[in-house]
1. Please give the helix 153-162 orientation as an angle from the longest Cα principal axis of the chain, in degrees from 0 to 90, rounded to the nearest 10.
2. Please give the peptides 28-34, 196-202, 47-53 ranked by average Cβ packing (other Cβ atoms within 10 Å per residue), highest first, as a rough proxy for protection.
3. Order GLU134, GLU70, GLU38, GLU169, most accessible first, counting only protein heavy atoms with a 1.4 angstrom probe.
4. Which value in nm describes the separation of the simple spin-label points at THR15 and ARG85, placed 7 Å from the Cα toward the beta carbon?
5. Can you work out ³J(HN,Hα) from phi for every residue in the range 190-199, in order, using Karplus 6.51 cos²θ - 1.76 cosθ + 1.60 and θ = phi - 60°, giving whole Hz and x for Gly and Pro?
6. As a check on your grasp of the helix formula, calculate [θ] at 222 nm for the chain: sum -39500 (n - 2.57) over DSSP H runs of n ≥ 4, divide by the residue count, round to the nearest 500.
7. Taking 30 Å as R0, compute the FRET efficiency from the Cβ-Cβ separation of THR173 and LEU215 and round it to 0.05.
8. Taking the Cα atoms only, what angle lies between the long axis of helix 171-181 and the longest principal axis of the chain, rounded to 10 degrees?
Amino acid sequence: MRGNRKRSSNSAGLTDIHRRLFGAFGPQHWWPGDTQLEIAVGAILTQNTAWSNVEKAIAVLKSHRLLTLERLTPLSPTEIAPLIRSAGFYNIKAARLAAFLGWLKSTGGFAGLRRIPTAELRAQLLACHGIGPETADSILLYALSRPVFVVDTYTRRILSRYGLIVGDEHYDTLRAMFESTLPRSTRLYNEYHALLVRLAKTNCRSQPSCDSCPLA
Ligand code: SF4
(Lines give C-alpha, C1' and ligand atoms only; values in the text may rest on other atoms or scores of the structure.)
Protein backbone atom coordinates (compact mmCIF):
# COMPACT_ATOMS: atom_id res chain seq x y z
CA MET A 1 0.00 0.00 0.00
CA ARG A 2 2.75 2.40 1.00
CA GLY A 3 4.62 1.40 -2.19
CA ASN A 4 1.55 2.22 -4.27
CA ARG A 5 1.19 5.64 -2.61
CA LYS A 6 4.87 6.41 -3.21
CA ARG A 7 4.53 5.36 -6.85
CA SER A 8 1.48 7.54 -7.40
CA SER A 9 3.14 10.58 -5.75
CA ASN A 10 6.22 10.02 -7.93
CA SER A 11 3.97 9.74 -10.95
CA ALA A 12 2.17 12.99 -10.12
CA GLY A 13 5.49 14.73 -9.46
CA LEU A 14 7.18 13.52 -12.64
CA THR A 15 4.11 14.32 -14.74
CA ASP A 16 3.90 17.80 -13.20
CA ILE A 17 7.59 18.50 -13.86
CA HIS A 18 7.24 17.48 -17.51
CA ARG A 19 4.06 19.51 -17.97
CA ARG A 20 5.64 22.64 -16.54
CA LEU A 21 8.92 22.32 -18.42
CA PHE A 22 7.26 21.57 -21.74
CA GLY A 23 4.89 24.51 -21.17
CA ALA A 24 7.84 26.82 -20.47
CA PHE A 25 10.41 25.60 -23.00
CA GLY A 26 8.47 23.70 -25.68
CA PRO A 27 9.97 20.88 -27.79
CA GLN A 28 13.77 20.59 -27.64
CA HIS A 29 14.30 18.66 -30.90
CA TRP A 30 16.91 16.27 -29.51
CA TRP A 31 19.32 14.62 -30.13
CA PRO A 32 21.48 16.99 -32.22
CA GLY A 33 22.76 14.56 -34.88
CA ASP A 34 21.88 13.62 -38.44
CA THR A 35 22.36 9.84 -38.35
CA GLN A 36 22.25 6.97 -35.86
CA LEU A 37 26.03 6.74 -36.03
CA GLU A 38 26.52 10.44 -35.38
CA ILE A 39 24.21 10.27 -32.36
CA ALA A 40 26.00 7.23 -30.94
CA VAL A 41 29.43 8.79 -31.53
CA GLY A 42 28.22 11.99 -29.85
CA ALA A 43 26.93 10.02 -26.84
CA ILE A 44 30.37 8.44 -26.35
CA LEU A 45 32.34 11.65 -26.93
CA THR A 46 30.20 13.77 -24.60
CA GLN A 47 31.36 11.87 -21.51
CA ASN A 48 32.95 14.44 -19.15
CA THR A 49 33.00 17.27 -21.64
CA ALA A 50 30.85 20.12 -22.90
CA TRP A 51 28.75 19.49 -25.99
CA SER A 52 30.50 22.32 -27.85
CA ASN A 53 33.73 20.26 -27.71
CA VAL A 54 31.91 17.23 -29.09
CA GLU A 55 30.57 19.31 -31.97
CA LYS A 56 34.12 20.26 -32.93
CA ALA A 57 35.23 16.62 -32.94
CA ILE A 58 32.23 15.55 -35.00
CA ALA A 59 32.93 18.39 -37.45
CA VAL A 60 36.47 17.04 -37.91
CA LEU A 61 35.18 13.51 -38.53
CA LYS A 62 32.70 14.90 -41.04
CA SER A 63 35.32 17.00 -42.79
CA HIS A 64 37.32 13.78 -43.35
CA ARG A 65 34.12 12.03 -44.51
CA LEU A 66 34.62 9.47 -41.75
CA LEU A 67 31.20 9.52 -40.15
CA THR A 68 30.05 6.31 -41.79
CA LEU A 69 30.38 2.79 -40.42
CA GLU A 70 32.33 1.65 -43.47
CA ARG A 71 34.99 4.34 -43.05
CA LEU A 72 35.17 4.72 -39.28
CA THR A 73 35.13 1.07 -38.18
CA PRO A 74 38.44 0.06 -39.78
CA LEU A 75 40.33 2.83 -37.96
CA SER A 76 42.42 1.93 -34.93
CA PRO A 77 42.17 3.91 -31.66
CA THR A 78 45.53 5.47 -32.55
CA GLU A 79 44.11 6.74 -35.82
CA ILE A 80 40.86 7.97 -34.25
CA ALA A 81 42.46 9.80 -31.29
CA PRO A 82 43.88 12.85 -33.10
CA LEU A 83 40.60 13.34 -34.96
CA ILE A 84 38.58 13.66 -31.73
CA ARG A 85 41.17 15.62 -29.77
CA SER A 86 38.78 18.52 -29.06
CA ALA A 87 36.42 16.20 -27.13
CA GLY A 88 39.06 15.72 -24.40
CA PHE A 89 40.36 12.41 -22.99
CA TYR A 90 40.83 11.57 -26.65
CA ASN A 91 42.95 8.44 -26.20
CA ILE A 92 40.41 6.95 -23.80
CA LYS A 93 37.47 7.96 -25.95
CA ALA A 94 39.13 6.66 -29.12
CA ALA A 95 39.49 3.24 -27.46
CA ARG A 96 35.84 3.35 -26.38
CA LEU A 97 34.69 4.38 -29.82
CA ALA A 98 36.69 1.61 -31.45
CA ALA A 99 35.25 -0.96 -29.02
CA PHE A 100 31.71 0.24 -29.73
CA LEU A 101 32.28 0.16 -33.50
CA GLY A 102 33.73 -3.33 -33.26
CA TRP A 103 30.68 -4.53 -31.35
CA LEU A 104 28.33 -2.79 -33.80
CA LYS A 105 30.04 -4.47 -36.74
CA SER A 106 29.78 -7.87 -35.04
CA THR A 107 26.01 -7.46 -34.67
CA GLY A 108 25.47 -6.53 -38.32
CA GLY A 109 25.39 -2.73 -37.90
CA PHE A 110 22.35 -0.69 -36.96
CA ALA A 111 20.08 -2.88 -39.09
CA GLY A 112 21.20 -5.93 -37.13
CA LEU A 113 20.28 -4.28 -33.82
CA ARG A 114 16.58 -4.07 -34.72
CA ARG A 115 15.95 -7.71 -33.92
CA ILE A 116 17.58 -7.56 -30.47
CA PRO A 117 15.20 -6.92 -27.52
CA THR A 118 15.92 -3.73 -25.57
CA ALA A 119 17.08 -5.41 -22.34
CA GLU A 120 19.51 -7.64 -24.25
CA LEU A 121 20.73 -4.69 -26.30
CA ARG A 122 21.33 -2.68 -23.13
CA ALA A 123 23.31 -5.55 -21.62
CA GLN A 124 25.45 -5.81 -24.76
CA LEU A 125 26.12 -2.07 -24.80
CA LEU A 126 27.10 -2.10 -21.13
CA ALA A 127 29.53 -4.91 -21.89
CA CYS A 128 31.35 -2.66 -24.40
CA HIS A 129 34.57 -1.17 -23.06
CA GLY A 130 33.94 2.21 -21.37
CA ILE A 131 30.19 2.39 -21.95
CA GLY A 132 28.31 3.08 -18.72
CA PRO A 133 24.57 3.29 -18.06
CA GLU A 134 24.10 6.93 -19.11
CA THR A 135 25.93 6.46 -22.41
CA ALA A 136 24.21 3.13 -23.12
CA ASP A 137 20.79 4.63 -22.44
CA SER A 138 21.53 7.72 -24.54
CA ILE A 139 22.40 5.45 -27.46
CA LEU A 140 19.32 3.29 -26.85
CA LEU A 141 16.94 6.23 -26.62
CA TYR A 142 18.31 8.70 -29.13
CA ALA A 143 20.08 6.54 -31.72
CA LEU A 144 17.93 3.40 -31.53
CA SER A 145 14.54 4.86 -30.49
CA ARG A 146 14.10 2.45 -27.58
CA PRO A 147 11.91 3.58 -24.64
CA VAL A 148 14.69 3.85 -22.05
CA PHE A 149 15.00 6.85 -19.73
CA VAL A 150 18.39 8.56 -19.54
CA VAL A 151 19.45 9.65 -16.05
CA ASP A 152 22.28 12.14 -15.68
CA THR A 153 23.73 14.54 -13.13
CA TYR A 154 21.15 17.16 -14.07
CA THR A 155 18.30 14.70 -13.43
CA ARG A 156 19.61 14.01 -9.94
CA ARG A 157 20.15 17.68 -9.16
CA ILE A 158 16.69 18.83 -10.26
CA LEU A 159 14.72 15.94 -8.78
CA SER A 160 16.51 16.15 -5.44
CA ARG A 161 15.97 19.90 -5.22
CA TYR A 162 12.34 19.34 -6.17
CA GLY A 163 12.10 16.82 -3.34
CA LEU A 164 11.27 13.67 -5.29
CA ILE A 165 14.54 11.87 -4.58
CA VAL A 166 17.45 12.00 -2.15
CA GLY A 167 19.98 12.27 -4.95
CA ASP A 168 22.35 9.38 -4.26
CA GLU A 169 20.07 6.60 -5.50
CA HIS A 170 21.52 3.98 -7.81
CA TYR A 171 21.29 4.82 -11.51
CA ASP A 172 18.92 1.93 -12.22
CA THR A 173 16.65 2.91 -9.32
CA LEU A 174 16.09 6.33 -10.86
CA ARG A 175 15.69 4.94 -14.36
CA ALA A 176 13.12 2.46 -13.06
CA MET A 177 11.28 5.25 -11.24
CA PHE A 178 10.73 7.12 -14.52
CA GLU A 179 9.94 4.00 -16.54
CA SER A 180 7.50 2.56 -14.01
CA THR A 181 5.57 5.76 -13.40
CA LEU A 182 5.45 7.37 -16.85
CA PRO A 183 3.95 5.87 -20.02
CA ARG A 184 6.52 3.76 -21.87
CA SER A 185 7.16 6.23 -24.68
CA THR A 186 10.33 6.95 -26.63
CA ARG A 187 8.99 10.36 -27.60
CA LEU A 188 8.14 11.32 -24.01
CA TYR A 189 11.50 10.11 -22.62
CA ASN A 190 13.35 11.90 -25.41
CA GLU A 191 11.64 15.19 -24.66
CA TYR A 192 11.70 14.83 -20.88
CA HIS A 193 15.44 14.27 -20.65
CA ALA A 194 16.12 17.16 -23.03
CA LEU A 195 13.87 19.45 -20.97
CA LEU A 196 15.71 18.55 -17.75
CA VAL A 197 19.02 19.40 -19.43
CA ARG A 198 17.53 22.69 -20.60
CA LEU A 199 16.37 23.56 -17.06
CA ALA A 200 19.76 22.65 -15.61
CA LYS A 201 21.40 25.10 -18.00
CA THR A 202 18.90 27.96 -17.69
CA ASN A 203 17.86 27.86 -14.03
CA CYS A 204 18.83 24.83 -11.98
CA ARG A 205 22.57 25.42 -12.22
CA SER A 206 25.01 24.85 -9.36
CA GLN A 207 23.79 28.20 -8.07
CA PRO A 208 20.09 28.02 -8.93
CA SER A 209 18.03 30.90 -10.32
CA CYS A 210 14.70 30.04 -8.78
CA ASP A 211 12.82 33.29 -9.44
CA SER A 212 12.22 32.56 -13.12
CA CYS A 213 12.17 28.75 -12.83
CA PRO A 214 9.11 26.97 -14.28
CA LEU A 215 9.25 24.58 -11.31
CA ALA A 216 9.36 27.28 -8.62
S1 SF4 B 1 15.98 26.41 -10.17
FE2 SF4 B 1 15.23 26.50 -8.06
S3 SF4 B 1 13.01 26.19 -8.20
FE4 SF4 B 1 13.93 25.51 -10.14
S5 SF4 B 1 14.23 23.29 -9.88
FE6 SF4 B 1 16.15 24.31 -9.34
S7 SF4 B 1 16.05 24.61 -7.11
FE8 SF4 B 1 13.96 24.17 -7.82
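1. The two axes meet at around 0 degrees.
2. In decreasing order of mean packing, 28-34, 196-202, 47-53 become 196-202, 28-34, 47-53.
3. Highest to lowest solvent-accessible surface, that is GLU70, GLU134, GLU169, GLU38.
4. 5.3
5. My calculation for the range 190-199 gives 4, 5, 4, 4, 4, 5, 5, 4, 4, 5 Hz in order.
6. Dividing the helical sum by the residues of the chain leaves -18000 deg cm²/dmol.
7. Once the sixth-power term is evaluated, E becomes 0.90.
8. Relative to the chain, helix 171-181 is tipped by roughly 60 degrees.
The values are calculated or read from the model by the stated rules, or taken from the named source; none is laboratory data. From a predicted model like this one, the values you see are computed outputs, not experimental measurements. Cβ sites come from the backbone with ideal geometry, for glycine too, and all protein chains shown count toward neighbours. Just so you know, the surface numbers come from the protein's heavy atoms only, side chains and all, with ligands and any DNA or RNA stripped out. Shrake-Rupley method; radii C 1.70, N 1.55, O 1.52, S 1.80 Å.
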